[in-house]
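Visitor: Take a look at the following structure, please.
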Amino acid sequence: SAVISQKPSRDICQRGTSLTIQCQVDSQVTMMFWYRQQPGQSLTLIATANQGSEATYESGFVIDKFPISRPNLTFSTLTVSNMSPEDSSIYLCSVTENSISEPQHFGDGTRLSIL
Amino acid sequence: GENVEQHPSTLSVQEGDSAVIKCTYSDSASNYFPWYKQELGKRPQLIIDIRSNVGEKKDQRIAVTLNKTAKHFSLHITETQPEDSAVYFCAASRTTNAGKSTFGDGTTLTVKP
C-alpha cells in the first residue's frame, strides 16, 4: 500500500499562531482526507482534499480555520489557523489509493499542542 | 448524516479468550464497514473490512459479521493475545466514497496474560 509521510510529527505552538501540516504520498492516490483525533477520542473527518479545487468541508469545520491545499495527486497540506488550546489534537492524513471504493490508509499523524 | 455507535467502550479479557465488539449504524445507504486497530501513539491500521453484499468475513483469528436488516456489525477476535491490546474503531461509509467514513467512539481492548 501507499507510504504516507506527515510533517511535522509533533509541534508545540503559541495560541494565535498558525501551523501547516504536510502530507506526502509515494504514489498517486485517488482521494486524500484530513481527520482530527482529540486525545482519547475517535476520529472526525475535517475535509476531503480535492485535487486542483477547493476542499469539501464537513459540518463544523470551515475553510478560514482549516485551509487545505492539494496541488497534485501525491501531496496535500492542512493549515490550522489562529490556534487556541481547543485545537490541541492529533491531525491525520488518510488516502484511498486506486478507487474511491477502496479502504483508506492513514499517516502517522501530527500531534499538536497549543499553549 | 451517518451515526455509528460502538460498544463496549472498554473490554478486558484473559489471554486465549474471545473478544466481541459491536457497532450499529443509522444510514441504510452505508455499505462498507472497516475495522481499525490503533496502538498507543500509532496510526489507525485497517485489520478487516466487509461490504454489504456479504454477511461474514474471516481472516485468521479475526472475523466480522454484518446484519444489514438490523444495521449492526461486529468484530470477533478469537484466541486473544497480549499484542491484541489496542483501541479498535469501527466505521461506516458508502463504497462511492470509502474514505469518507464515520467512526465509532472506539473500544479499548486489554488482553491480560
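The values are calculated or read from the model by the stated rules, or taken from the named source; none is laboratory data. Just so it is clear, the model here is predicted, and its values are computed rather than measured. Neighbour counts are summed over all protein chains in view; Cβ atoms, including those assigned to glycine, are modelled from backbone coordinates with ideal geometry. Side chains are part of the model used for accessible areas, which takes the heavy atoms of the whole protein and leaves out ligands, DNA and RNA. Shrake-Rupley method; radii C 1.70, N 1.55, O 1.52, S 1.80 Å.
Visitor: Just wondering, is there one or more residues in the range A:85-97 that are surrounded by fewer than 16 Cβ atoms within 10 Å (Cβ to Cβ) and either outside any loop (DSSP other than H, G, I, E, B) or away from chain B (no Cβ under 14 Å) (or both)?
Guide: Within the range A:85-97 (the criterion being surrounded by fewer than 16 Cβ atoms within 10 Å (Cβ to Cβ) and either outside any loop (DSSP other than H, G, I, E, B) or away from chain B (no Cβ under 14 Å) (or both)), the answer is yes, since at least one residue qualifies.
Visitor: Something else about it: State which residue is farthest from the other protein chains (Cβ to nearest Cβ) when the search covers only the range A:48-68 and only residues that are within 15 Å of residue A:87 (Cβ to Cβ) and not β-branched (Val, Ile, Thr).
Guide: The qualifying residue farthest from the other protein chains (Cβ to nearest Cβ) is A:64.
Visitor: Moving to a separate point now. When you go through B:105, B:17, B:27 one by one, which is the residue that is away from every other protein chain (no Cβ under 12 Å), assigned to a loop (DSSP other than H, G, I, E, B) and surrounded by 14 or more Cβ atoms within 10 Å (Cβ to Cβ)?
Guide: Matching residue, one of B:105, B:17, B:27: B:27.
Visitor: Do you know which residues across the range B:31-42 are modelled with pLDDT under 95, surrounded by fewer than 20 Cβ atoms within 10 Å (Cβ to Cβ) and on the phi < 0 side of the Ramachandran plot?
Guide: B:31, B:40, B:42
One line per residue, one yes/no per condition, for (1) open to solvent by 70 Å² or more (accessible area, probe 1.4 Å); (2) assigned to a loop (DSSP other than H, G, I, E, B); (3) at pLDDT 95 or above:
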| residue | (1), (2), (3) |
| --- | --- |
| A:6 | no, no, yes |
| A:16 | no, yes, yes |
| A:23 | no, no, yes |
| A:48 | no, no, no |
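Visitor: Turning to a different aspect of this structure: Out of (1) within 10 Å of chain B (Cβ to nearest Cβ); (2) open to solvent by 50 Å² or more (accessible area, probe 1.4 Å), the odd one out for residue A:11 is which?
Guide: Unmet for residue A:11, out of (1) within 10 Å of chain B (Cβ to nearest Cβ); (2) open to solvent by 50 Å² or more (accessible area, probe 1.4 Å): (1).
Visitor: Here's a check for you: in the range B:45-76, which residue that is among the hydroxyl-bearing types (Ser, Thr, Tyr) and part of a strand (DSSP E or B) is farthest from residue A:44 (Cα to Cα)?
Guide: Checking each candidate, the answer is B:65.
Visitor: Of all residues being open to solvent by 70 Å² or more (accessible area, probe 1.4 Å) and within 14 Å of chain B (Cβ to nearest Cβ) in the range A:25-41, which is farthest from residue B:89 (Cα to Cα)? Just the residue, please.
Guide: Within the range A:25-41, the match that is farthest from residue B:89 (Cα to Cα) is A:39.
Visitor: Output yes when any residue across the range A:71-79 is modelled with pLDDT of 95 or more, within 11 Å of chain B (Cβ to nearest Cβ) and farther than 16 Å from residue B:99 by Cβ, and no when none is.
Guide: There is no residue in the range A:71-79 that is modelled with pLDDT of 95 or more, within 11 Å of chain B (Cβ to nearest Cβ) and farther than 16 Å from residue B:99 by Cβ.
Visitor: Give all pairs with beta carbons closer than 8 Å in which a residue from the range B:77-93 that is more than 14 Å from chain A (Cβ to nearest Cβ) and farther than 14 Å from residue A:43 by Cβ meets a residue that is in a strand (DSSP E or B) and basic (Lys, Arg); count only pairs at least 6 apart in sequence or on separate chains.
Guide: Final answer for the pair search is B:82/B:112.
Visitor: Right, next: Select, from B:54, B:64, the only residue that is open to solvent by 60 Å² or more (accessible area, probe 1.4 Å) and over 18 Å from residue A:95 (Cβ atoms).
Guide: Result of the check over B:54, B:64: B:54.
Visitor: Right, here's the next one. With respect to the numbered conditions (1) open to solvent by less than 50 Å² (accessible area, probe 1.4 Å); (2) within 21 Å of residue B:30 (Cα to Cα), which one is the sole condition not fulfilled by residue A:44?
Guide: Just one mismatch for residue A:44, condition (1).
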